[in-house]
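Heads up, the thing below is written out as structure tokens.
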Amino acid sequence: MRLKSRTQQGSMLMISLVILVVMSLLAATLLRLLSASADTLVYEAYGLRALQSARAGLDNQLVALFPTSGASQCQVIDTNLGTLDGFSGCRFTSRCQHKSYDGGAIQYYRLTSTGLCQAEGFEVSRTLSVDAREIN
């Protein structure tokens, strides 16, 4: 049995149109995945910078609290790290809480530092805490 050419007209056009729509959807999904991957990479890089900024804040607080010479200081330290290579847009804020026990013989300190990095619409922060004590 032979089909007439009139009944088959346009079927190839419909198949190619469906394939074009499916390929367009796949391309849009791939672009969305690549964009999300790039955002994740930026958050990861700035998250690492924020973590290092928070560590720098803890280091500064520990040096102020347990100096090699002079009096210790339990204070708030807020520093902009933007002048250092690789830390543009980064800063840290470190805080110190102090409690005394046994008539001042034991000193407890809780140090908390938050590193914050901002760039191109992204803002990432990391917070670290350390407990320390001093026995006189």
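Where a number appears in this text, it was derived from the coordinates with a stated rule and is not lab data. As the structure is a prediction and not an experimental result, all values here were calculated from the model. Here Cβ is always computed from backbone atoms with ideal geometry, including for glycine, and neighbour counts include all displayed protein chains.
Observations, loosely collected:
- Taken as a whole, the stretch 34-54 holds no residue that is over 14 Å from the mean Cα position of the chain (by Cα), closer than 13 Å to Phe92 by Cβ and either assigned to a loop (DSSP other than H, G, I, E, B) or of a type in the set (A, V, I, L, M) (or both).
- Residues of the stretch 63-108 satisfying the condition of being surrounded by fewer than 17 Cβ atoms within 10 Å (Cβ to Cβ), in a loop (DSSP other than H, G, I, E, B) and hydrophobic (A, V, I, L, M, F, W, C): Phe66, Ala71, Cys74, Val76, Leu84, Ala105
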